[in-house]
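Following: one structure in structure tokens, then a few remarks.
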Amino acid sequence: MDYDSFLELIKNRRSIRRFKPDPVPEEYVDKIIEAARWAPSGANSQPWEFIVIKDKKLRDRIVELHGEHDALAYRMEQTRPPEDRMPRFAQPSKFPPSFAVAPVFILMLGDPRTREAYPMSSVADLGGSIFNSSLASAFLYMHLAATTLGLGTRWLSVSSNSFMQCFIKPLLGIPKELEIYDMIVVGYPDMRPEPRLVRPKEEMVHYDYYDMKKFRTDKDIREFINATRGIVKLQP
């Protein structure tokens, strides 16, 4: 693959919010996981495990748990000033959520015991960062692989919080030694995402030394967050 094709693949990878119920071929699921298997990891520790969830009863229960979480998230979000509220939780969430009809959920698990592979100098201070970065690299590979197959994906990060861990682990018989990293929803897209706001390259690249003229103030950060949420538009 040449660079232009690679860059086009990255640009085409988008978070999909609505899916078609059409089944995903088994070989596509295998290809997604095969790509993740080759991701880089700290000390080649390969801390990942995967649970492919196709059973409708299990998927429906996981959807219900996300709905219960979203109801709590909405209540929590109301404690913030209106301008700071995450749009997704600023209003009561609709149920079932838009990803409910997707035919495949893939849960990625991490095994913290693999941190023993890291150098002693990293275990105490950087161990958690290396562990999470390793899992994130495999998770991203899954999204990119799905994109090449004409599939859409959604990264459901709430799947890893303590509320979801508490209920999903016993539901799926996950050993206590393992942790849920996150869940990816896979299916055929039933939407076309709007153009994505991406920061200009010249604003984030520094050469040899940090260029303080590019340092973003608190106001700059707030304006950017608002822009990503569609509250305001950044001026050119």
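Here are the numbers for the structure shown:
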quantity	calculated
Relative contact order (%) - the chain, alpha-carbon pairs under 8 angstrom, separation at least six	31
Rounded, prolate or oblate (a/c below 1.5 giving rounded, otherwise prolate when a/b exceeds b/c) for the stretch 88-219 by Cα gyration tensor	oblate
Rh (Kirkwood; distinct C-alpha pairs) - the stretch 197-236, Å	11.3
Unsatisfied cross-links (Cα-Cα over 22 Å) in the set 57/94; 11/214; 11/31; 11/94; 20/169	11/214; 11/94; 20/169
Listed residue (230, 145, 173) projecting farthest to the positive dipole end of the stretch 88-236, Cβ model	230
Binned Cα-Cα distances of the stretch 145-236, short to long, each 10 Å bin given as a whole percent	12, 25, 26, 27, 10, 1
Which of 48, 38 has the fewest Cβ neighbours within 10 Å, and the rest in rising order	38, 48
Antiparallel bridges, percent of DSSP beta bridges restricted to the chain (to nearest 5)	95
Cβ-Cβ FRET estimate between residue 7 and residue 93, R0 fixed at 25 Å, reported to 0.05	0.10
Helix runs (DSSP H) in the chain reaching 24 Å along axis by Cα, Kyte-Doolittle at least 0.5	127-148
Given [x] 51, 37, 34; [y] 52, 46, 40; [z] 53, 37, 29, the label whose value is Cα extents along the principal axes in Å derived from this model	[y]
Estimated [θ] at 222 nm from DSSP helical runs (n ≥ 4, -39500 (n - 2.57)) normalised by residues in the chain, nearest 500	-12500 deg cm²/dmol
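Throughout, read-outs are computed from the coordinates displayed, never taken from laboratory work. Everything numeric in this text was worked out from a predicted model, so none of it was measured. Backbone-built Cβ (ideal geometry, glycine too); neighbour counts: all protein chains shown.
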